[in-house]
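Here's the structure, in structure tokens; my notes come after.
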Amino acid sequence: MIRYSANITIMIRAARKASKYIVRDFLELEQLQVSVKGQNDFVTNVDIKVQEIIHSELNKARTDYGFIMEEGQSEKLDAENIWIIDPIDGTLNFMHGLPYFAISIGLRIKQKMAAGIVYNPILNELYWAEEGSGAFLNDKRLRVSGRKNLENSVIALGIPFLGRGNHKKHLKMQSNVMNKVAGLRRFGAASLDLCQVASGRVDGFWEEGLSIWDIAAGTIIVKEAGGIISGIDKNENPLDTGNIIAGNPNVVFALQKVLAS
Ligand code: IPD
């Protein structure tokens, strides 16, 4: 029988409450016949509303914790404990009716990730982890894959898009990796991509230029599933730079080498 800590219980409660609005609006969005601008506004409003619900639930339960959030201002950043929130990671998928997006909530204690949940409300997949307690998908324990070589590995990645990232550099990196792996996958929500690594469904993941709220929760889920997290440059901290590699140690070291070449 799984026992959730008080903080995990609070995080799950907030995510489940907020998810009701996401699911309702996701279904509604499919019916909406509006201009792209109208659709963008609608999605921005969903994002803000969902974040407000999560913020209010967490703040009610832990009045002295700080917040870093995708939509809007950070709060109480000098607090020891900080919630790091992405109300909808994978917004573009959400907008296009693709059911691959998630609420991501991380908890950083004294500058170190201590707990995280990533919840896909459409598939009802709740990934969660707490330092020292393991990582789980609903109540099933997670373990990263044991594949040792890139040639047998499936690697998830992020691809830069209009107005974002260095496309030429990315294409060079992608072509280097393409030549070494069994397959590449671009799913479109970094928090869930990290959970795919934690569950062993994919063997590794890399992306550049992410934000802390995209990856904070996912990093502890990968670590608690026995994986490692690294920067693309060995000396960088992905939570500072947004450049990340995740996987089992063999895959991460191999990817580091190929990406650096
Ligand atoms: C995005 C997703 C996506 C990644 C983008 C992020 P958002 O987050 O994580 O996978 O490629 O760079 O911005 O904007 O949907 O919260």
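The values are calculated or read from the model by the stated rules, or taken from the named source; none is laboratory data. A quick note: this is a predicted structure, and the numbers were derived from the prediction, not measured. All Cβ positions, glycine included, derive from the backbone under ideal geometry; neighbour counts span all protein chains shown. Protein only, heavy atoms only, side chains kept; ligands, DNA and RNA dropped before computing areas. Shrake-Rupley method; radii C 1.70, N 1.55, O 1.52, S 1.80 Å.
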Potential extension, GLN111-GLU80 segment - 0.36 nm per residue separation minus Cα distance: 10.4 nm
Using only C-alpha positions, report the orientation-averaged shadow area of the convex hull of the chain, nm², one decimal. 13.7 nm²
Quickly work out the GLU151-to-MET1 label distance, labels modelled 7 Å from Cα along the C-beta direction, and quote it in nm with one decimal. 5.0 nm
Counting DSSP beta bridges with both ends in segment 150-260, the antiparallel % (nearest 5): 55 percent
Given the options GLY183, GLY90, GLY242, which has the most mean-square fluctuation in a GNM of the chain, springs set between C-alpha atoms less than 10 angstrom apart? GLY183
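Which percent of the accessible heavy-atom area of the chain goes to carbon and sulfur, probe 1.4 angstrom?
In the chain, the share of accessible area belonging to carbon and sulfur is 51 percent.
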Once you have the Cα-Cα distance between ARG62 and HIS167, take 0.36 nm times their residue separation minus that, and quote the gain in nm to one decimal. 33.6 nm
At 1.4 Å probe size, what's the solvent-accessible area of THR91? Round to the nearest 10 Å². 40 Å²
Over segment 103-261, calculate the relative contact order: mean separation of alpha carbon pairs under 8 Å at least 6 apart, over the residue count, as a percent. 27 percent
Can you compute the helix-only [θ] at 222 nm over the chain? Use -39500 (n - 2.57) per DSSP H run of at least 4 residues, normalise by all residues, nearest 500 deg cm²/dmol. -13000 deg cm²/dmol
Based on the alpha-carbon set only, what is the convex hull volume of segment 17-159 divided per residue, in Å³? 153 Å³
Segment 183-257 and segment 35-87: distance between their alpha carbon centers, rounded to Å: 23 Å
Please go through the residue pairs LYS110/LYS172; LYS17/LYS168; LYS223/LYS257 and name each one whose alpha carbons sit more than 31 Å apart in this structure. LYS110/LYS172; LYS17/LYS168
Can you tell me the dipole magnitude for the chain around its Cα centre, using point charges on the Cβ only (Lys, Arg +1; Asp, Glu -1), in Debye to the nearest 20? 780 debye
Low-density loop trypsin sites (Lys or Arg not before Pro), segment 134-226, at most 16 other Cβ within 10 Å, DSSP non-H/G/I/E/B, are ARG143, LYS148, ARG164, LYS180, ARG186, ARG201
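Membrane-span-like helices in the chain: DSSP H runs reaching 24 Å or more (Cα, own axis), mean Kyte hydropathy at least -0.5? Intermediate results must be reported in sequence, preceding the final value.
Working: long enough: 6-31 (39 Å, 0.00); 36-61 (38 Å, -0.37).
Those that pass (Cα extent of 24 Å or more, hydropathy at least -0.5) are 6-31, 36-61.
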Label-point separation in nm, ASP240 to ARG141, each point 7 Å along Cα→Cβ: 3.5 nm
Which order do you get for PHE42, PHE94 if you rank them by accessible area with a 1.4 Å probe, largest at the top? PHE42, PHE94
Please work out how much length the chain gains when fully extended from ASN45 to ASN124, using 0.36 nm per residue of separation minus the C-alpha to C-alpha distance, in nm with one decimal. 26.2 nm
Where trypsin sites (Lys or Arg not before Pro) fall in DSSP loop in segment 70-110, at most 10 other Cβ within 10 Å: LYS110
Length-normalised contact order for segment 180-249 - Cα pairs under 8 Å, 6+ apart - percent: 35 percent
Segment 150-260 - charge dipole about Cα centre, Lys and Arg +1 at Cβ, Asp and Glu -1, debye rounded to 20: 360 debye
Electrostatic dipole magnitude of segment 155-204 [Cβ: Lys, Arg +1; Asp, Glu -1; Cα centre; debye, to 20]: 240 debye
Cα-Cα pairs above 20 Å in segment 150-260: how many percent? 29 percent
Between ARG13 and ILE159, what is the spin-label point distance in nm, taking each point 7 Å from the Cα along the Cα→C-beta axis? 4.3 nm
Comparing ILE53, ILE220, ILE228 in a Gaussian network model of the chain (Cα, 10 Å), the one with the largest mean-square fluctuation is ILE53
Filtered GluC sites (Glu not before Pro), segment 174-261: DSSP coil and at most 16 other beta carbons within 10 Å: GLU236
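Indicate, rounded to the nearest 5 percent, the antiparallel portion of the DSSP beta bridges found entirely in segment 6-141.
Here the antiparallel bridges make up roughly 85 percent for segment 6-141.
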If the elastic network links every pair of Cα atoms under 10 Å, which of TYR119, TYR21, TYR100 fluctuates the most in the Gaussian network model of the chain? TYR21
